[in-house]
Amino acid sequence: MSDVKHISLPAQEIPVSREVDVVVVGGGASGIGAAVAAASNGARTLLIEQRGFLGGMGTVSLVPAFCPFTDKEKPIIRGIGMELMERMKEACNADYRREYADTLDWVPIDPEALKRVYDDALLESGVEPLFHSFVYDVIKSGDGRSIEGIVVVNKTGRSAVRCSYVIDATGDADIAALAGVPFQKGGEQGELQPGSMCYLLANVDRGRFRRFLEESGDTGQLHRTVERAIAEGALPEGRKSISGLAWVNDYLVGVNFGHVFGIDGTKAEDLTRGAIEGRRLARRQLAFFQNYVPGFEQAHLVASGEQVGIRETRRIQGDYVLTAEDFMEARTFPDDIARNAYYIDIHMAHSKANMHFTHLKPGESHGVPYRVLLPLGIDNLWVPGRAASSDRAVQGSLRVMPNCFAMGQASGTAAALALRDGVGARGVEIGELQRVLLEQGAWLGEPAPSGSSARGI
Ligand SMILES: Cc1cc2nc3c(=O)[nH]c(=O)nc-3n(C[C@H](O)[C@H](O)[C@H](O)COP(=O)(O)OP(=O)(O)OC[C@H]3O[C@@H](n4cnc5c(N)ncnc54)[C@H](O)[C@@H]3O)c2cc1C
């Protein structure tokens, strides 16, 4: 950085465009959960999103399916996240509903249906959405312990939004980083999980593809086909499994396959390279599917992600750092605000490295304590989602969308309670937070609370 030149900008007066109770920055799973919860519980809530629609990785980057909402025995992510997934099913056509009505794990995403469902949920709960707007600065209090507002830029210009509480749901902990919260990024050597450019293929014959898999008599057929394509130079070295095929219907499939390496999702230059490399890789994979995989001969690439999918950037340092040991021992904490059962899923940082998977037993889950949402040094900020406070291994598990919804719901509910009681994030009474979460449909572990009901959003 020593050769980077700097210039000084003149001091500028900017308008205060809004004054609200809670600002949620980012409209992915964690931001939607947070905003709906905060507004439903009485806070004047603004959600700011840089894109023109909600959904984060699930719509921006076309991540093709929701990870499991169950621990393989029962649903453990309930509340707002599960309701929104069910609403997406309702918004899809009859064939989709017939096939996935009872499915809670790996439910394929119809991105257009999902965007509309998220719009409706936000408006119904009374959240004010502000799209096409990027938050690039924070206004801190004189003692530096809280955030009094954020600075946003959009087509209207620059403006400040004054607020009592902030929820950083950017996935990258942008707001926490701007506020000076300590964080880690990636592994010991700064290595990061790769990105993936997901996409949608139309004109695919699912029946023919199924027969191809069945005729081989084992599940390794697709894997061997990929290995052959790599050996013949039709695909680059790297990930061999195509586990991420999500069938929206019998001729439309979402694909999560292959990696783009060395991308730091907090750098615009890397995201630019990731977008270009990702689209090139998707084009190469299309040719592979057409030439090697029965049922895909006529496949048509209808859309790739607006942004390369990003698995890992910053992890904030919170009041508690959830560890691999907590995961392996399926620990419970007195301040649990959610449970997690998704496996540790760390993708390789370069093409010759291995993927790492660690599973809990069916029926097992660990607690997610409130403290992982609380960034060190700031009293009115929560960081749910991909950047919550954990070690790198647990981030490889906690990062999936169902967990992000649950952490978001807890953050939004906590913000509304903090507002009601006139306290900071650490002043929220944990028993009361848990009671409201349970009452509004969340699940915090056995014994299942009697009388908990799903919320209407
Ligand atoms: C390739 C890939 C495959 C995956 N597969 C699955 C899967 O199968 N199932 C699953 O459940 N999960 C999967 N995941 C994980 C999951 O999609 C993400 O970890 C999850 O979406 C994170 O949610 P989030 O709300 O924390 O952040 P995001 O989904 O990243 O949302 C953050 C939002 O904030 C906005 N934003 C960011 N910064 C700013 C700013 N400064 N100002 C304004 N707006 C901002 C972004 O535009 C975005 O909409 C996958 C991830 C990847 C990358």
At 1.4 Å probe size, with every protein chain present, just tell me what the per residue accessible area of the range 199-304 comes to in Å².
49 Å²
Consider just the alpha-carbon atoms of the range 1-127 and return their Rg together with their Dmax, both in angstrom.
18.7, 61
Residues whose built amide H sits under 5 Å from the amide H of V138, excluding neighbours closer than 5 in sequence, are V151
Principal axes first, then extents: for the Cα atoms of the chain, list largest minus smallest coordinate on each axis, whole Å, largest first.
66, 62, 41
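Looking only at Cα atoms, what is the convex hull volume of the range 199-304 per residue, in Å³? Don't jump to the answer; show the numbers that get you there.
Details: hull volume 10.4 nm³, N = 106.
Output value, Cα hull per residue: 98 Å³.
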State, to one decimal in nm, how far the label point of A231 lies from the label point of A202, with both points 7 Å from Cα in the Cβ direction.
3.7 nm
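Mind checking the range 242-294 for trypsin sites (Lys or Arg not before Pro) that DSSP puts in a loop (not H, G, I, E or B) and that have at most 12 other Cβ atoms within 10 Å? List each step's numbers first, then the result.
Details: sites: K267, R273, R279, R280, R283, R284; in loops: K267.
Qualifying residues, ordered by number: K267.
Could you tally the net charge around G262, taking each other residue with its Cβ under 10 Å from the Cβ of G262, Lys/Arg +1 and Asp/Glu -1? Write out the running numbers ahead of the final one.
Values: positive: R273; negative: E191, D264, D270, E277.
Taking every Cβ under 10 Å from that of G262, the sum is -3.
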Angle between the chain longest axis and helix 111-124 axis [Cα atoms, degrees, rounded to 10]
20 degrees
Roughly what angle does helix 206-216 make with the longest principal axis of the chain, taking Cα atoms, 0 to 90 degrees, to the nearest 10?
60 degrees
Cα centre as origin, Lys/Arg/Asp/Glu Cβ charges: the range 199-304 dipole, Debye:
120 debye
Measure nothing fancy, just the Cα-based angle from helix 29-40's long axis to the longest principal axis of the chain, in degrees from 0 to 90, nearest 10.
40 degrees
Dipole of the range 49-188, Cα-centred, from +1 at each Lys and Arg C-beta and -1 at each Asp and Glu C-beta, to the nearest 20 debye?
320 debye
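Hand me the chymotrypsin sites (Phe, Trp or Tyr not before Pro) from the range 56-145 located in a DSSP loop with no more than 16 other Cβ atoms within 10 Å, in residue order please.
Values: sites: F66, F69, Y96, Y100, W106, Y118, F131, F134, Y136; in loops: F69, W106, F131.
For chymotrypsin sites (Phe, Trp or Tyr not before Pro) across the range 56-145 that sit outside H, G, I, E and B with at most 16 neighbouring Cβ atoms in 10 Å, the list reads W106, F131.
The values are calculated or read from the model by the stated rules, or taken from the named source; none is laboratory data. None of these values were measured; they are calculated from a predicted model. Ideal geometry is used to build each Cβ from the backbone, glycine not excepted, and the neighbour counts take in all protein chains shown. Accessible surface areas use protein heavy atoms only, side chains included; no ligands, DNA or RNA. Shrake-Rupley method; radii C 1.70, N 1.55, O 1.52, S 1.80 Å.
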